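Below is one structure, written out as structure tokens, with a few remarks after it.
The values are calculated or read from the model by the stated rules, or taken from the named source; none is laboratory data. Quick caveat, the model's predicted, so the values are computed rather than measured. All Cβ positions, even for glycine, are placed from backbone atoms using ideal geometry, and neighbour counts span all protein chains on display. Ligands, DNA and RNA are stripped out before the accessible areas are found, and what is left, the full protein with its side chains, is counted by its heavy atoms. Shrake-Rupley method; radii C 1.70, N 1.55, O 1.52, S 1.80 Å.
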Amino acid sequence: MAEKDIARGLTRNETDERYMRRAIELAQKGRGRTNPNPMVGAVIVKDGEIIGEGYHERCGELHAERNALKNCRERGNDPAGATIYVTLEPCCHYGKTPPCTEALIEAKVARVVIGSFDPNPKVAGKGTRILREAGIEVNENVLREECDAFNYVFLHYITTGTPYVIMKYAMTADGKICTATGKSRWVTGEAARRRTHEDRNRYAAIMVGVGTVLADDPLLTCRVEGGRDPVRVICDTNLRMPQDAQIVKTAKDVPTIIATAVSDPEALAPFIHAGCGIVTVPKRGPHIDLKALMKALGERQIDSVILEGGATLNASAVQAGIVNRVQAYIAPKIFGGKDAKSPVAGTGVDEPADCCLLGEPTVTYLDGDILLESEVIRCSQES
């Protein structure tokens with residue numbers, strides 16, 4: 001244990017947790033920019049002092065360990081004999097950057113403390129083994145739950161090859177997403193709407209049905225200063241998309257994918273010319289097969305999708321079993337009306353036991369509105 005930490009009366013475990021928490025703080029600075037890579041933070045400690053730190057800032061750029069080593073040397077410090085705290089097992093393969101295990105061995109660090117296990121088959125325990133074989137002490141699973149918690153998208157994507165899907169909707173206290181006349185601006189207040197734009201910056205893609213495009217002609221961009229626009233995915237089984245829709249007109253500026261069952265080159269040509277990507281998906285019933293679409297998006301390295309469509313798309317997503325998390329924004333309002341839409345349409349289930357079952361929600365208060373977020377325990381209603 002570092003001398004200065006001993007003087008503070010900290011045990012080794014307390015010291016490890018203290019610096020790992022700093023690494024977790026750093027990791028989350030990369031939110032929205034590392035996809036499909038994980039968020040990772042690293043802190044280098046020697047003689048009880050932080051001598052270097054860094055995080056994975058953007059996909060394709062230096063990983064956290066190499067950024068921390070770079071920062072260490074820029075400060076004029078020598079990492080030899082130091083301990084590095086890293087939120088995820090160091091990589092040991094060549095990708096867009098060289099292996100981090102190689103950099104740590106060359107730097108002659110004495111100890112590596114790791115938060116999460118990396119399930120990527122290219123790593124998956126190989127990184128820790130390489131470090132140990134080089135004579136470096138390795139300690140694993142320090143604050144693992146906390147490290148896993150903010151990388152839930154990566155952990156899902158790397159193990160399944162399909163995007164992590166968040167179904168988001170805003171409704172009134174009586175469960176309506178719009179009035180009986182179809183008007184929905186605005187169900188929730190500014191704070192809640194700002195949070196949805198923060199999520200557009202955070203997740204790789206946003207998906208709606210063509211019905212939303214026909215009704216609202218949205219842009220589906222991110223309005224967070226310094227943020228980035230998600231890939232726009234439009235589910236359009238029969239290619240009803242208007243060629244003059246804002247989404248089509250801006251497709252050369254914002255990545256846009258039309259997912260359709262139509263394969264006629266002549267019908268697709270105007271959209272391709274406008275800059276839209278086309279994913280041809282087989283039908284399942286009257287709509288495109290959402291499971292097949294998720295596989296196709298995963299192959300395009302889209303690791304996460306936030307559903308901002310209407311009740312029809314939500315029903316299809318639930319039935320297909322693709323939803324991983326539900327975000328329900330609830331406004332303290334009552335619209336009423338037996339014909340006013342609820343968040344999930346379709347025929348629903350016959351028996352309560354057949355429900356889409358959610359886990360215990362986290363609760364966030366947003367200037368009067370409430371956000372309930374729950375992981376999906378069981379979702380599929382397909383026969």
As I understand it, the value is the acute angle between the Cα axis of helix 12-27 and the longest principal axis of the Cα atoms of the chain; what does it come to in degrees, rounded to 10? 40
With bins of 5 Å, the percent of all Cα-Cα pairs of region 29-100 per bin from 0 is 4, 19, 28, 24, 15, 8, 2, 0
For region 236-330, what ratio Rg/Rh do Cα atoms give with a Kirkwood hydrodynamic radius? 0.96
Compute log10 of I(q)/I(0) for region 13-160 with the Debye formula, placing one identical point scatterer on every Cα and leaving out solvent, at q = 0.11 Å⁻¹, to two decimals. -0.33
Probe 1.4 Å, accessible area per residue of region 89-180, Å²: 42
If you take every residue apart from His56 with its C-beta less than 12 Å away from the C-beta of His56, what net charge results, scoring Lys and Arg +1 and Asp and Glu -1? +3
Helix-only mean residue ellipticity at 222 nm for the chain, each DSSP H run of n ≥ 4 adding -39500 (n - 2.57), per residue, nearest 500: -8500 deg cm²/dmol
Based on the alpha carbon coordinates of region 23-67, what radius of gyration and maximum Cα-Cα distance (Dmax) apply, in Å? 10.7, 36
What ranking do 155-164, 34-43, 87-96, 301-310 get when scored by the average of other Cβ atoms within 10 Å per residue, highest first? 34-43, 301-310, 87-96, 155-164
Give the Rg/Rh ratio for region 118-202, taking Rg as the radius of gyration of the Cα atoms and Rh as the Kirkwood radius, to two decimals. 1.24
By average Cβ neighbour count within 10 Å, what is the ranking of 312-322, 336-346 from highest down? 312-322, 336-346
Under the Kirkwood approximation for Rh and a Cα-based Rg, what ratio Rg/Rh is obtained for region 97-239? 1.14
Run a plain Debye calculation on the chain (Cα atoms as equal point scatterers, no solvent) and give log10 I(q)/I(0) at q = 0.06, 0.10, 0.12, 0.15 Å⁻¹, rounded to two decimals, same order as the q list. -0.28, -0.73, -0.96, -1.26
Considering only the other residues whose Cβ falls under 10 Å of the Cβ of Arg325, what net charge follows from Lys and Arg at +1 and Asp and Glu at -1? -1
By how many nm would the segment from Asp264 to Arg58 lengthen if fully extended, with 0.36 nm per residue of separation less the alpha-carbon distance? 70.4 nm
Tell me, what are the semi-axes, in whole angstrom and largest first, of the equivalent ellipsoid of region 168-231 as set by the roots of 5 times the Cα gyration tensor eigenvalues? 22, 15, 10
Regarding region 321-383, what whole-number volume in Å³ per residue does the convex hull of its Cα atoms give? 111
Region 144-206-region 69-115 distance, computed between alpha-carbon centres (Å): 35
Once you list every other residue whose beta carbon is under 12 Å from the beta carbon of Gly41, what net charge do they have if Lys and Arg are +1 and Asp and Glu are -1? -1
Rounded to a whole number, what % of the accessible area of the chain do carbon and sulfur atoms account for, probe 1.4 Å? 48
Centroid-to-centroid separation of region 356-374 and region 249-310 [C-alpha atoms, Å]: 30
